[in-house]
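The values are calculated or read from the model by the stated rules, or taken from the named source; none is laboratory data. Not measured: the values here are computed from a predicted model. We place every Cβ from the backbone using ideal geometry, glycine too, and count neighbours over all the protein chains shown. With ligands, DNA and RNA removed, areas are computed over all heavy atoms of the protein, side chains included. Shrake-Rupley method; radii C 1.70, N 1.55, O 1.52, S 1.80 Å.
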Amino acid sequence: MMKKQACFRYPANLQILDLASLVSMYRSRGEPTKAQAGSFFACSHSMKLLKEAKSWFGLYYSQAAWDELLSKGSEGYPLTEIEMNILGMAYYPPEGEEIAQRSFVEKNSGTLPQLAFMIVNDLKTFGFLAETENEELELTKRGLVALEGIANKIHGKKFSPDMLPNSGNRPQSAIPKAKREDRTQINLF
């Protein structure tokens with residue numbers, strides 16, 4: 001078994017962003033940025049000061065750190081656990097299905113549906129996924145290489161369906177609602 005390695009991660013509180021900010025931050029990830037005169041960036045990975053860096057959702061990375069965080073087979077695309085989930089669900093469709101529906105994959109990717117929508121589109125653009133006219137997602141050969149690379153980086157081993165959220169790619173069961181006690185309370189609003 002190989003050692004787990006650091007990789008890119010989306011911020012845990014993305015839901016605080018409005019859609020325009022989310023799209024802007026997603027689209028600008030990886031763009032080289034120069035610090036203003038007299039200012040520096042700090043590399044989130046190496047903790048060294050930089051005059052030039054690549055950004056990732058408010059974090060900055062040196063080119064060397066960025067390259068180190070890329071996974072094998074990613075072809076320069078910054079893969080995270082979310083991309084692994086999307087590629088994995090395309091490879092192992094939900095139980096009883098031959099092909100994964102895009103709506104199912106986006107809903108169960110582990111992130112906001114709006115972000116999952118953009119990620120699926122980018123994964124198609126990079127040739128990692130193919131989509132049928134019925135909105136079914138299929139993993140390509142390039143996608144399989146990328147999936148194995150990110151699974152190895154995150155888990156230190158080859159991809160298996162138990163790495164997916166909802167264990168084995170089954171839809172998450174609904175969380176039972178707590179029973180509410182009957183109390184008389186005046187509505188002030």
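Looking only at residues that are small (Gly, Ala, Ser) and surrounded by 14 or more Cβ atoms within 10 Å (Cβ to Cβ) in the range 1-41, which one is nearest to residue 70 (Cα to Cα)?
30
For the range 85-111, which positions are outside any helix (DSSP H, G or I) and in contact with a Leu (Cβ under 6 Å, 6 or more places away or on another chain)?
Selection gives 100 alone.
Tally time: how many residues in the range 123-159 are out of contact with any helix residue (DSSP H, G or I) (no Cβ under 8 Å at 6 or more places or on another chain), surrounded by 17 or more Cβ atoms within 10 Å (Cβ to Cβ) and of a type in the set (Asp, Glu)?
1
Assess whether residue 97 counts as being surrounded by fewer than 17 Cβ atoms within 10 Å (Cβ to Cβ) and free of Cβ contacts under 8 Å to residues at least 24 places away in the same chain. Spell out the reasoning first.
Details: surrounded by fewer than 17 Cβ atoms within 10 Å (Cβ to Cβ): yes; free of Cβ contacts under 8 Å to residues at least 24 places away in the same chain: yes.
In short, yes.
Hey, could you check the range 42-84 for residues that are in a helix (DSSP H, G or I), without any contact (Cβ under 8 Å) to a residue 60 or more places away in the chain and open to solvent by 40 Å² or more (accessible area, probe 1.4 Å) and say which is nearest to residue 108 (Cα to Cα)?
67
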